[in-house]
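Colleague: Let me give you the structure first, and then I'll get to my questions.
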Amino acid sequence: MCRTAPVSGRDLVEFFDPPDLEQAVLVLALDGWIDAAGTAGEVRSHLLAGDGHMIGRFDTDRLLDHRARRPTLSLVDGVSRGLDWPAIELRLLDHLEGRDVLLLHGAEPDHEWRA
């Protein structure tokens, strides 16, 4: 099942089988100016090393300025292997002492902060 949350007449986030949560805690780890010291990136890497799965994805075409944050082209031996687009995802991680842990991570939004 997939649900979306409409904002301003268009879908801002798409949810994939959102679970019932128990005393959930949200960890926000965005790239960019908000993570100037790199701490959020370190926490994100540590949390993503464990088990978990994506339960939501944000519409980065609405939230990001792709002129300032371009996709990365993967090359192997001079051959294009694909584009990696900046993403903003919500992941459900392993339980932490009986609490659900949600990790919201990815690129810091450029637009629609109030959404």
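Colleague: How do T72, T60 line up, fewest other C-beta atoms within 10 Å first? Before the final figure, lay out the partial values.
Modeller: Details: T72 11, T60 20.
Fewest-to-most ranking of T72, T60: T72, T60.
Colleague: Using a 10 Å cut-off around each Cβ, can you sort I55, I34 from fewest to most neighbouring Cβ atoms?
Modeller: Working: I55 17, I34 11.
Ranking I55, I34 by Cβ neighbours within 10 Å, fewest first, gives I34, I55.
Colleague: Still on this structure, please answer the following. List every residue whose amide H lies under 5 Å from the amide H of A87, counting only residues 5 or more places away in sequence or on a different chain, with H placed 1.01 Å from N in the peptide plane.
Modeller: Answer set, sorted by chain and number: A107.
Colleague: Here is a further query. Cα atoms only: what Rg and Dmax, in Å, come out for the chain?
Modeller: Gyration radius and largest Cα-Cα distance of the chain: 15.5, 49 Å.
Colleague: Related question: Give the percent of DSSP beta bridges with both residues in the chain that are antiparallel, rounded to the nearest 5.
Modeller: On the way: 26 of 33 bridges.
Roughly 80 percent of the beta bridges in the chain run antiparallel, per DSSP.
Colleague: Okay, helix-only estimate at 222 nm for the chain: each DSSP H run of n ≥ 4 adds -39500 (n - 2.57), divide by all residues, round to 500 deg cm²/dmol; what do you get?
Modeller: -3000 deg cm²/dmol, from helical runs alone.
Colleague: Under a point-charge model restricted to the Cβ atoms of Lys and Arg (+1) and Asp and Glu (-1), what is the dipole moment magnitude of the chain relative to its Cα centre, in debye to the nearest 20?
Modeller: Working: 12 positive and 21 negative charges, 81 e Å.
Charge dipole of the chain: 380 debye, to the nearest 20.
Colleague: Using the Karplus curve 6.51 cos²θ - 1.76 cosθ + 1.60 with θ = phi - 60°, work out ³J(HN,Hα) for each residue of segment 58-71 in order, rounded to whole Hz, and write x for Gly and Pro.
Modeller: Per-residue couplings from phi come out as 8, 6, 6, 5, 8, 9, 10, 8, 5, 6, 8, 9, 7, x Hz.
Colleague: Please report the net charge: other residues with Cβ closer than 13 Å to the Cβ of G38, K and R +1, D and E -1.
Modeller: Working: positive: R44; negative: D31, D35, E42.
Value of the local net charge: -2.
Colleague: Further question: Report the one residue of Q23, G38, L63 whose Cα lies farthest in the direction of the positive end of the charge dipole of the chain (charges on C-beta: Lys and Arg +1, Asp and Glu -1; origin at the Cα centre).
Modeller: Ranked along the dipole, the leading option is L63.
Colleague: Tell me, in nm to one decimal, what length is gained between S74 and A24 on full extension, where the rule is 0.36 nm per residue of separation less the Cα-Cα distance?
Modeller: On the way: separation 50, 0.36 × 50 = 18.00 nm, distance 3.60 nm.
Net length gain for the segment: 14.4 nm.
Every number here is computed from the coordinates shown, using simple stated rules; none is lab data. Source: prediction; values computed, not measured. So basically every Cβ, Gly included, is an ideal-geometry build from the backbone, and we count neighbours across all protein chains shown.
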